[in-house]
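**Student:** My questions all concern the structure below.
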Amino acid sequence: MRTNPFFQKYNTPFEVPPFDQIRMEDYEEAFMEGIRREDEHLEIMLNNPEPPTFDNTILNVEEDEEKNEYYSLLDKVSSVFFNLMSADANDEMEALAQKIQPALTKHSNDIALNGRLFERIKAVYENHRELTAEENALLEKVYKGFVRRGALLDDEGKARLRELSEEFSMLALKFAQNELKETKDFILHITDENDLQGIPENHRRAAEEEAKERGLEGWVFTLDMPSYGPFLKYADNRELREKLFMAYNTICTHDNENNNIEICRRMVNIRRELAQLLGYESHADYVLENRMASNTANVYKLLNDLIDAYKPAAEAEREELKDMARRCNGKDFELKPWDASYYSNKLLLEKYNVDAEMARPYFELDKVIKGVFDLAGRLYGIFFMENDDIPVYHPDVKAYTVYDKDETYLAVLYADFYPRNGKQGGAWMTSYQEQYISKKGENVRPHVSLVMNFSKPTEDKPALLTLDEVETFLHEFGHSLHAMFSNVRFVSLSGTNVWWDFVELPSQFMENFSLEREFLSTFAFHYETGEPIPDELVQRLIDSRNFAVGSGCLRQVSFGLLDMAYHTMTKPFDEDLIRFEKKAWEKAIIGKQLENTCMTVHFSHIMSGGYSAGYYSYKWAEVLDADAFAVFKREGIFNKETAQRFRDCILSKGGTEHPMTLYKRFRGGEPTIDALLERNGIKRPQQ
């Protein structure tokens, strides 16, 4: 008789999920049994007649029902199911998600709002044995986590919290499903080859392959970034650029079942009401209590300082762009948003003789993979071995065994590079298992996944990346290193389980290597001739790295302003969502805004993701990464001692200490904005 694979120890290399054995019906059975086992485990703990201690209470919150591991059955099935919901979803999974989400939210609330459990936790918090620093960090996280999830509320407050959180979980799921459907439903189907003028051959071939996969003649462009971005950048046909631009920027605003406008408004109001129920003025106040930024004033100071520093450059860049467009079309030409990428690329070519396609032949994906892996080896001594014995969830996915410098097993790494139906856009890192040390003393190593959406190979060309895509790879790989190097005792403090405005430091730090000659020389060879990337092309790329840096900064700041505008509200939000968006970020917008476009309705980072009241963290971490890389530039970008210090002080520590404590231990002091301003050419380096 067949056994549900989630119910037994995985008989796979390194006990990775047996994707090839899991059936659709296994998920629901495992979810419900996982909930039942955790409920049973909780009752056993609550009925323990002994006084509550760190070991019989706090550790029992962290551990599963078998009392010797930190990954319960519910953790196992959840990690697989929800990761695949992002990377390889189908209609059956989406239907099950709608069905199972209320039960999962109720179960989570049953634990968080259990008065008997909180009394035990509170007793330990107020009176406990001497703890190690990491044990104390766990105690703080558990106690404050229960308080922040409503443990101190009265019965009426707890009931309302349940209602709101259950409603929110369903709305967040619906938001993400609507966004995916709207993104995948639209195609730009071209049958006249004249409409492809300006588009490089490799993008034409990719569009032709896309059409063939759909059983269509001609060429198909989609709203996935490897298709959408190049079309906006290269297509001479302005009318089609506008069509594609408007399709993307009106996702989930149409009068159909995928409209997210009311969903977003309700989500903002639920977050505000939940925060106020817990005693905070706004959702931002609630979130920032556990952030390096500490409060809204500090966030706005960062965003406003960046506007002051970068807006003059952005305004000058805008005028340059307008001038380029008029020189091409006449003095009466009016630059529109669907023109910006097109003429920006022409201006870049004119000023620096550089175009994203010039570097692409030197960035063959297989060689980039080797280059990035070798970079980690050069810095930290680790190495990667492709492992065909590890089951994967899709044929596109590659699996690697990662070994440390002493040749001991470090981690499993999955790499999923290409877009497909059922896969969300963008790029991210996630885990199927995080690192921890079991009660038996075994250092259980992580199973990490890199998920991206790069241009696919065609019949006659391998997958070739742009420099931007190489930087994306490095970014997500930085998150992966953070997870893989983790060396802590408790899973809830492991890897990337750090304060949100610190989590982007390891990822953005890695982007700094993208234009370092010593790095490029290891992998950037022409895919046909084998010639290394020319020094003069590298120099042009370096010279152009700050092209449109002001506009790029303000774009990120505008997203941060929008996020904060929604989440600093103290009164019910009943305004027109689209108009509110335009007003919220206008301080950082250069140029006229379109009336009927809307980002909020597909801004998954702040709506269904983890970045609500936290989008500023990208810029916060950029200050940190520039400051940190300045140390490497001074001591040597491949200096093994510096890299080891970065690993020991930051990458291996997870959330066991305050982020600033960790950073100062590496840096020797607090960061300043100076390195970022110097890197971006906004401020001249000090002599």
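The values are calculated or read from the model by the stated rules, or taken from the named source; none is laboratory data. A quick note: this is a predicted structure, and the numbers were derived from the prediction, not measured. Backbone-built Cβ (ideal geometry, glycine too); neighbour counts: all protein chains shown. Ligands, DNA and RNA are stripped out before the accessible areas are found, and what is left, the full protein with its side chains, is counted by its heavy atoms. Shrake-Rupley method; radii C 1.70, N 1.55, O 1.52, S 1.80 Å.
**Student:** In percent, what relative contact order does the chain have, based on Cα pairs under 8 Å that are 6 or more apart in sequence?
**Tutor:** 16 percent
**Student:** Please report, as a whole percent, how much of the solvent-accessible surface of region 447-594 comes from carbon and sulfur atoms (probe radius 1.4 Å). Mind dumping the intermediate values first?
**Tutor:** Details: 2610 of 5390 Å².
The nonpolar share, carbon plus sulfur, comes to 48 percent.
**Student:** Taking amide H positions as placed in the peptide plane 1.01 Å from N, state which residues far from Ser431 in sequence (5 or more) or on other chains have amide H under 5 Å from it.
**Tutor:** The list, which skips near neighbours in sequence, is Ser449.
**Student:** Of [x] 1.08; [y] 1.20; [z] 0.97, which one was derived for Cα Rg over 2.2 N^0.38 Å from the structure shown?
**Tutor:** [z]
**Student:** Here's another thing I want to ask about it. Give the lysines whose C-alpha is closer than 17 Å to that of Lys440, dropping any in the same chain fewer than 8 places away, or say none.
**Tutor:** Lys9, Lys67
**Student:** For a test of the definition: using alpha carbon positions, the gyration tensor, and the 1.5 limit on a/c, classify region 481-638 as rounded, prolate or oblate. Kindly include the intermediate steps, with their values, before the conclusion.
**Tutor:** Details: a/c = 2.53, a/b = 1.46, b/c = 1.73.
Oblate is the answer for region 481-638, as a/c is 1.5 or above yet b/c matches or exceeds a/b.
**Student:** On a 0 to 90 degree scale, rounded to 10, what angle separates helix 617-635 from the longest Cα axis of the chain?
**Tutor:** Helix 617-635 sits roughly 80 degrees off the main axis of the chain.
**Student:** Moving on. For region 316-322, take each phi angle, set θ = phi - 60°, evaluate the Karplus expression 6.51 cos²θ - 1.76 cosθ + 1.60, and give the result in whole Hz per residue in order, putting x for glycine and proline.
**Tutor:** 5, 4, 5, 5, 4, 5, 4
**Student:** Charges at C-beta only: +1 for Lys and Arg, -1 for Asp and Glu. How large is the resulting dipole of region 286-380 about its Cα centre, in Debye rounded to 20?
**Tutor:** Dipole about the Cα centre, nearest 20: 100 debye.
**Student:** Return the long-range amide H neighbours of Val444 (sequence gap of 5 or more, or a different chain), with a cut-off of under 5 Å between placed amide H atoms.
**Tutor:** Distant-sequence amide H within range of Val444: Tyr436, Ile437, Ser438.
**Student:** Considering only DSSP beta bridges with both partners in the chain, what is the antiparallel share in %, to the nearest 5?
**Tutor:** 80 percent
**Student:** Taking the Cβ-Cβ separation of Thr132 and Tyr409 as r and a Förster radius of 30 Å, what is the calculated FRET efficiency to the nearest 0.05?
**Tutor:** 0.70
**Student:** A follow-up question, please. Quickly rank 336-349, 618-631 as a protection proxy: mean count of other C-beta atoms within 10 Å, highest first.
**Tutor:** The packing order, highest mean first, is 618-631, 336-349.
**Student:** Probe of 1.4 angstrom, ligands and nucleic acids ignored: what's the accessible area per residue over the chain, in square angstrom? Could you put the intermediate results ahead of the total?
**Tutor:** Numbers: 29410 Å² over 687 residues.
Per residue, the chain has 43 Å² of solvent-accessible surface.
**Student:** On to the next question. Could you pull out every residue, at least 5 positions away or on a different chain, whose amide H is within less than 5 Å of the one on Ala411? Hs are placed 1.01 Å off N in the peptide plane, and Pro or chain starts have none.
**Tutor:** Val402
**Student:** Please enumerate, by chain and number, the aspartates and glutamates with C-alpha under 15 Å from the C-alpha of Lys106, excluding those fewer than 8 residues away in the same chain.
**Tutor:** Straight-distance partners of Lys106: Glu33, Glu38, Asp39, Glu163, Glu166, Glu167.
**Student:** Only bridges with both residues in region 396-449 count here: give the DSSP antiparallel percent, nearest 5.
**Tutor:** In region 396-449, DSSP labels about 80 percent of beta bridges as antiparallel.
**Student:** Something else: Considering only protein heavy atoms and a probe of 1.4 Å, how much of the accessible area of region 133-252 is carbon and sulfur, as a whole percent?
**Tutor:** Numbers: 2510 of 5310 Å².
Result for region 133-252: 47 percent of the exposed heavy-atom area is carbon or sulfur.
**Student:** Also: Whole-Hz Karplus ³J(HN,Hα) for region 81-97, in order, using 6.51 cos²θ - 1.76 cosθ + 1.60 and θ = phi - 60°, x for Gly and Pro?
**Tutor:** 4, 6, 5, 6, 4, 8, 9, 7, 7, 9, 4, 5, 5, 5, 5, 5, 4
**Student:** In deg cm²/dmol, rounded to 500, what helix-only [θ] at 222 nm does the chain give when every DSSP H run of at least 4 residues adds -39500 (n - 2.57) and the total is split over its residues?
**Tutor:** -17000 deg cm²/dmol
**Student:** With θ taken as phi - 60° and the coefficients 6.51, -1.76 and 1.60, list the Karplus ³J(HN,Hα) couplings across region 328-341 in order, rounded to whole Hz; mark glycine and proline as x.
**Tutor:** 7, 10, x, 5, 8, 5, 9, 5, 10, x, 6, 9, 4, 5
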